[in-house]
Structure formats: structure tokens, C-alpha cells
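In what follows, a single structure is set out as C-alpha cells and then discussed.
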Amino acid sequence: ARTQVAIVGGGPAGLMLSHLLRLRGVDAVVLEARPRDRVETRQRAGILEHGTVDALREVGADARMDELGLPHDGFELRFAGRSVRVDMQELTGHRVMIWAQTEVTKDLIALRLEQGEPLVFDAEVLSVSDVETDSPLVRYRHQGAEHELRADVVVGADGSYGPARRAIPEHLVRRFERVYPYSWLGILADVAPSSHELIYARGRTGFALASMRSPSVTRAYIQVPNGTDPQAWADEAIWDELAARFALDDGSFTLARGPITDKSVTPMRSMVTEPMRHGRLFLAGDAAHIVPPTGAKGLNLAVADVRVLAEALGEWFASKDERLIDAYSDTVLRRVWRASHFSWTMTTMLHVDPDGDPFDEQLALSHLHHIESSESARRALAENYRGLALGAV
Ligand code: DHB
């Protein structure tokens, strides 16, 4: 078989790219290794920047988001028993949307299938090759048989453990990595959120985040040691820890508890691989970069990558003008590094280092004090959090 763009990976990056390309008259085949229900139910991100919301509108996957998504004007930071509100709407003129990655993915999949466009689940990619020629090849296994897909371009949107990246010769790749000495234990619970906005807290015993999935479903996270088994945490112990980390000195905060329906542990790391293009292979999203979740940037970066890539490929297929595809890697890496820095800032400011370096702790507290006392510090934080416009990084 042959197509214009072979997209390896049917997560938000690959799916969104397939839609943006279709709008530009470019054909694509999406190959996803996992079954559909796995892609649609694995708990991931929850915050969409306005640029990500715009992209969902552009491709027509916005109806359920508009009905059920929760626009947020601001969020709260908590430390030392007090609270600071960051009003993104007032400081930057933009807000963010709470709309889970699982829902984004469901809508992008449904739309693709409705359009009758190629999307193959349970397609295990065996190799990506010939990327230095003008006819790269993807070999994959589906329902017991091996298949070959030739394309003009291959896009690796197959996550941080996917095979596509390996088609770039090792000696051309630079890899940057930061492993943080803590993980997040995340829960879903059938109880209304305790706060109408998100709360990012630096508690005495570590970070905690209060988020939500709907007016009746709470999503929350606590910092735990690396290697923690989520089942080793009893439900009441998780609620007790959340309550302690969100507590305010004036006693004005009460945490609502309810049945926990999902528990998982996510390690915290940052990774960037450069370049994001080699010959006719382009990388997008987690395949090229991972950020720790504290700044809510992973999904938004993936969508920003494919917005730039769709524009570049659209131009190239239409006119053979190579300028945008040649600029792709440098263009998106500027945003990737901005988000990596922001995520590092949020992470180190809000987590308690288990090795307890007292100098680092004072720096983190000083940064929080600065945000508390300075409107320009709050604006800088808000601008990064709600996301910079394409081309503005
Ligand atoms: C959620 C996750 C994040 O990493 C974050 O910064 C905010 C919200 C969430 O899952 O709701």
C-alpha cells in the first residue's frame, strides 16, 4: 500500500495531524499499536491551552468539549499554609480548558472513522526504513499478517518508547534528559471537586495537585517516592495526605472525600531528542520530548508540534517548497525547550526534594514569595501556563 503520510502512533499527536493534513488535502494512514479501548481509556493529561482548543475547533472535534469541558480563568498555588491565586484571564487575556486527553482522543478517533479515513488499531510497527530516500517504508503486523506501507513522508508520533525514533542514525542524535527523584500517585474519585479551580500545593511532605474531570469527578495527585506501588496506598491514607498538603492556616479549606476508582504512579522526567527530523522522517510529541506533568504541557506540546508540521507538509505537498519542512525541527524545539524550562520551574518550585537540600528549598520558597508579591512574576507564570502563541516563543 502507499500513502502520502504514514503516521506511526494514534495518540493525540498522530490523530490531530491526520485531521489537519486532511484539511490541507493530504492523505495519511494512522497506525496505532494498541487496541482502541486502551487508547481511549488510559488516564493522561487534563488541561488544554487555548491553542490546543483552537486546533480541536479547526478539525471539528469541539462539540463535546464545548458541552462538557470546563473553562478555567485561573488556578491557585498553596505553600506555607497560604494561598495565591493566578488569574490567567486577567493577566494574559486567555484561559485554559479542562478536557481530558481520553475525551480528546475519543473525539478524534470517532471523527476519523466517521470520515472513512484510514486508522488501524493493533498495528504493531516492526520497522521504519528508507527515510533517507524519497520513498520511506513502514513495516507492521496486523491480525497476524505482515504489511508494508510506502509513503512520501513518515511521521513518528509513537510516544517515548516507540520504534520510529530509532530510524534516525544514533550518531546524529543528541539526547537531553533529567530524571526527578519523585513520582506522582494519581487518583480518580467519584466526588465533586473540593475547589472550583486547580490547586498546586507545596505541602510540608511534598507536592499535591487538585484537579477534576467533571463537576462530579475529582482528579488528584500527590508526590510519592520513585518505585511506589499504587496499591500500597490505602484510600484513606491518600485522602489524609491530600488534606494535609492542601491545608490552609486559617482552616478555611475542607477536602471532600469519595470512592477512588483509579490509582496509578507516573515517574517524573524530562527528555528531549534533537533533531526532530531526519530525511523523510519527522518526529512529533512524546516520541521526541517528555516533560514532567507539573506544568500541564505534554499534550499541548504534542498538538503544537503537529500544527507546525501540518502547515509545513501542506506547503511542501502543494508547492514542493521545502522552507517550512526544513525549519520544522528548529521551530518546534524552541517551544519544547520553553516548556521544558517552565515544567522544571514548576516541578522544582512545588516538590520537596527527598534528599532535602536546604539551599534548593529556600530558592523554591523565594520563587513562591516572588509570585505572591509581584504581579509581573504572576504574569510570567500565567503566560507560560496558558501557553504562548505559535511563533511567539
Ligand atoms: C492535570 C494534570 C496535570 O499535570 C496538571 O498540571 C494539571 C491537571 C490533570 O490531570 O487534571
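Just need a number here: residues in region 277-296 that are open to solvent by 10 Å² or more (accessible area, probe 1.4 Å) and either within 16 Å of the ligand (Cβ to nearest atom) or more than 17 Å from residue 337 (Cβ to Cβ) (or both). Don't jump to the end; show me each part of the working.
Residues of region 277-296 open to solvent by 10 Å² or more (accessible area, probe 1.4 Å): 277-280, 286, 290-291, 293, 296.
Checking which are either within 16 Å of the ligand (Cβ to nearest atom) or more than 17 Å from residue 337 (Cβ to Cβ) (or both) leaves us with 278-280, 286, 290-291, 293, 296.
Looking only at that region, the number is 8.
Would you please list the contacts, defined by Cβ atoms under 6 Å and residues six or more apart or on different chains, that run from a residue in region 197-219 that is within 9 Å of the ligand (Cβ to nearest atom) to a residue that is of a type in the set (A, V, I, L, M) and open to solvent by 20 Å² or more (accessible area, probe 1.4 Å)?
From region 197-219, the pairs are 219/188.
Before we move on, is residue 315 acidic (Asp, Glu) and surrounded by 17 or more Cβ atoms within 10 Å (Cβ to Cβ)? Before you say what the answer is, go through the steps one by one.
Numbers: acidic (Asp, Glu): yes; surrounded by 17 or more Cβ atoms within 10 Å (Cβ to Cβ): no.
When the stated conditions are applied, residue 315 does not pass them.
Mind checking which pairs have a first residue in region 42-61 that is modelled with pLDDT under 95 and a second that is open to solvent by 20 Å² or more (accessible area, probe 1.4 Å) and among the polar types (S, T, N, Q), Cβ under 6 Å, 6 or more apart or different chains?
44/101; 45/101
Looking at residue 324 and the list (1) without any contact (Cβ under 8 Å) to a residue 40 or more places away in the chain; (2) buried (at least 23 other Cβ atoms within 10 Å of the Cβ), which single condition is not satisfied?
(2)
Tell me which residues, restricted to region 108-141, are over 20 Å from residue 277 (Cα atoms), surrounded by fewer than 21 Cβ atoms within 10 Å (Cβ to Cβ) and not aliphatic (A, V, I, L, M).
Residues satisfying the conditions are 114, 115, 116, 117, 118, 121, 122, 124, 141.
Hey, among the residues in region 329-350 that are within 14 Å of the ligand (Cβ to nearest atom) and not hydroxyl-bearing (Ser, Thr, Tyr), which one's surrounded by the fewest Cβ atoms within 10 Å (Cβ to Cβ)? Walk me through it before giving the result.
Residues of region 329-350 within 14 Å of the ligand (Cβ to nearest atom): 339, 342-347, 349-350.
Still in the running and not hydroxyl-bearing (Ser, Thr, Tyr): 339, 342, 344, 346, 349-350.
Numbers: 339: 25, 342: 22, 344: 17, 346: 24, 349: 21, 350: 23.
Only one residue tops the list, namely 344.
For region 69-77, indicate whether the set of residues that are out of contact with any Leu (no Cβ under 9 Å at 6 or more places or on another chain), open to solvent by less than 30 Å² (accessible area, probe 1.4 Å) and more than 30 Å from residue 251 (Cβ to Cβ) is non-empty.
no
If I filter region 91-105 down to residues being in a helix (DSSP H, G or I) and within 16 Å of the ligand (Cβ to nearest atom), which single residue comes out as farthest from residue 219 (Cα to Cα)?
Residues of region 91-105 that are in a helix (DSSP H, G or I), as a first pass: 91-92, 101-105.
From what is left, the residues that are within 16 Å of the ligand (Cβ to nearest atom) are 101-105.
Working: 101: 13, 102: 13, 103: 15, 104: 17, 105: 18 Å.
By that ranking, first place goes to 105.
Enumerate the strands (runs of 3 or more DSSP E) found wholly within region 174-275, keeping only those where 3 or more residues are small (Gly, Ala, Ser) and crowded, with 20+ Cβ neighbours inside 10 Å.
Once the strands (runs of 3 or more DSSP E) in region 174-275 are filtered for at least 3 residues that are small (Gly, Ala, Ser) and crowded, with 20+ Cβ neighbours inside 10 Å, what remains is 174-189, 206-214.
Looking for something free of Cβ contacts under 8 Å to residues at least 24 places away in the same chain and within 26 Å of the chain's Cα centre (by Cα) - is there at least one such residue anywhere in region 147-154?
Step one: list which residues in region 147-154 are free of Cβ contacts under 8 Å to residues at least 24 places away in the same chain, which gives none.
No, there is no match, as no residue in region 147-154 is free of Cβ contacts under 8 Å to residues at least 24 places away in the same chain and within 26 Å of the chain's Cα centre (by Cα).
How many residues are in a loop (DSSP other than H, G, I, E, B) and surrounded by fewer than 19 Cβ atoms within 10 Å (Cβ to Cβ) if we restrict to region 353-387? Give the steps one after another, and end with the answer.
Filtering region 353-387 down to residues in a loop (DSSP other than H, G, I, E, B) leaves 353-357, 374, 387.
Going one step further and asking which of them are surrounded by fewer than 19 Cβ atoms within 10 Å (Cβ to Cβ), we end up with 353-357, 374.
Of the residues in that region, 6 qualify.
Residue-wise test of (1) within 16 Å of the ligand (Cβ to nearest atom); (2) among the β-branched types (Val, Ile, Thr); (3) outside any helix (DSSP H, G or I); (4) closer than 27 Å to residue 140 by Cβ.
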position: 4; (1), (2), (3), (4): no, no, yes, yes
position: 7; (1), (2), (3), (4): no, yes, yes, yes
position: 15; (1), (2), (3), (4): no, no, no, yes
position: 33; (1), (2), (3), (4): no, no, yes, yes
position: 37; (1), (2), (3), (4): no, no, no, yes
position: 52; (1), (2), (3), (4): yes, yes, no, no
position: 58; (1), (2), (3), (4): no, no, no, no
position: 66; (1), (2), (3), (4): no, no, no, no
position: 77; (1), (2), (3), (4): yes, no, yes, no
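Could you list, in sequence order, the residues of region 163-173 that are surrounded by fewer than 21 Cβ atoms within 10 Å (Cβ to Cβ) and touching a helix residue (DSSP H, G or I) at 6+ places or on another chain (Cβ under 9 Å)?
173
Say whether the condition of being within 15 Å of the ligand (Cβ to nearest atom) and more than 23 Å from the chain's Cα centre (by Cα) is met by at least one residue in region 310-317. Break it down stepwise before answering.
Step one: list which residues in region 310-317 are within 15 Å of the ligand (Cβ to nearest atom), which gives none.
No, the conditions are met nowhere in region 310-317.
The values are calculated or read from the model by the stated rules, or taken from the named source; none is laboratory data. Worth saying up front: this structure is predicted, and the values here are computed from it rather than measured. Virtual Cβ from ideal backbone geometry, glycine too; neighbours counted across all protein chains shown. When the accessible area is computed, the model is the full protein with side chains, heavy atoms only, and any ligands, DNA or RNA have been set aside. Shrake-Rupley method; radii C 1.70, N 1.55, O 1.52, S 1.80 Å.
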